[in-house]
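We did not get these values from a lab; they are worked out from the coordinates using the rules stated. Since the model is a prediction, treat every value here as computed from it, not as a measurement. Reconstructed Cβ throughout: ideal geometry from the backbone, glycine too, with neighbour counts over all protein chains shown.
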Amino acid sequence: MSLFLSVVPVKRAIEVAKSLATAPKSECISLNEAQDRVLAGDMASDIDIPGFTRSVMDGYAVRAADTAGAGESAPAILALKGRVLMGNSADYTIQPGECAYVPTGGILPEGTDAVVMAENTEPFGDSILIKKPAADGENVIRYNEDFKKGEISPQKRPAALGTGSRRPRRDRACGGAGHKKPRIGILSTGNELVPVSQVPATGQVRDVNSFVIAAFVRDHGCVPVSYGIVRDDREAFGAALATAARECDAILISGGSSKDDRDMTAVRDRRDGEGICPRRGDRAGQSPRSSAGSAPYRLIGLPGHPAATFVVLVAIVRHLLDGMTGNAAPDPVTIPATLAMNVPSTKGREDFLRVSLKDGIATPLFGKSGLLNTLANSDGVLRVPAESEGFEKGSRVEIIPW
Ligand code: AMP
Ligand code: MG
């Protein structure tokens, strides 16, 4: 059944958004491209890390047993066998009663199992006075203690590429396989819109949404592809949509979502696409309508008002983008806060309220969704679940920051 023009709960809109997401494709990427990517597969270390037992202090590599009972008044006296140079292995083995100087990061000589910090020692002729006992393994990182060769890193982010990788290709530039960044087409619709570089004449409005949406898309690991302002004209709208559909993995359209003759988004959406369009006049994000079908476009229609658009991005579109990038993080990170005033809400309706946050106090910014100032002055959004009748002043709440 088509959901077009019907009011559906946010939960249902999120389901539709998730269902629109195509499975992420993977590609070979270099380490420099790895930021903001999700790994396409497990990362396994290609080497033992560290590949040698190394000191974490400047000091003396010893056999721990030789230092037992050592103290200020009764130091152990160990013959100094040599000094380990950074990056070099010693060509000798430390025997009982001997030690060797080793710098931080240096390779422990054969026969040693601990390091005594230089501060707890004193030169004494050709020997070293050890004034503190060392336990077996003290001040050292043992061979492959960090990662064993072939060990899978639980870290799903490409930061783990530091461990090396089983490269999918014999390509030096390839650090590993990452999910491709989905391309998200962005269209702003409206005869009244002018580019932000222009001073609007009476009746005109600057196209704020293109930038708000592009920033959000970029923040969520996707590539925004802006198609600028499209006039409320069936031909122009259809052409822009067709181009975006050809060039992008999904499309976000703002404006044109109500029942006015000029409002093409809903019309095109019903005829050609699958997606959801929150309706102007509904509280932002509260009541998206959807048309589902087997159609070539994957699109979500957003409200024209920038503040309302932003709430829908945070509440609904995020799920589409996360699905397409393969980001498995289920929920937005929230910040706990105390409410500065009562927030009434009608039971059965999910509300998203912009709030300012200062010193752990969340102050709701009541205002029409058409105002830019509630967006500019806000730090995040408070979600009031459908089953709630609101929150009282002083309640502890969770804020979704932006
Ligand atoms: P619409 O959904 O096209 O009826 O637009 C609803 C309201 O949002 C109108 O006041 C539009 O002027 C405004 N609006 C639509 N698109 C944008 C945009 N890209 N930037 C700023 N305001 C917009
Ligand atoms: Mg419009």
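The relative contact order of segment 335-401, computed from alpha carbon pairs under 8 Å that lie at least 6 residues apart in sequence, is 49 percent. Temperature 20 °C, viscosity 1.002 mPa s: under these conditions the Stokes-Einstein estimate for segment 335-401, based on its Kirkwood radius over C-alpha pairs, is 181 µm² per second.
Put the Cα centre of segment 348-402 next to the Cα centre of segment 38-80 and the gap is 53 Å.
Here the gap between Asn377 and Lys347, fully extended at 0.36 nm per residue and compared with their Cα-Cα distance, gives a gain of 8.1 nm. Here each label is just a point 7 Å from Cα along the line to Cβ, and for Arg234 and Lys18 those points are 3.8 nm apart.
Around Thr363, what is the net charge, scoring Lys/Arg as +1 and Asp/Glu as -1 over all other residues with Cβ under 14 Å from its Cβ? Net local charge, Thr363 excluded: +1. Length gained on full extension, Ala215 to Asp42: 59.3 nm, using 0.36 nm per residue less the C-alpha separation. Modelled this way, with points 7 Å down the Cα-to-C-beta line, the labels at Val194 and Lys393 are 4.4 nm from one another. Each of Gln204 and Ile361 was given a label point 7 Å from its Cα along the Cα-to-Cβ line. The distance between the two points is 4.2 nm.
Take Lys132, project a point 7 Å from its Cα along the Cβ direction, then tell me which residues of segment 67-100 have their backbone nitrogen under 19 Å from it. Correct set: 67-78, 99-100. Across segment 67-138, counting alpha-carbon atoms alone, Rg and Dmax equal 11.5, 35 Å.
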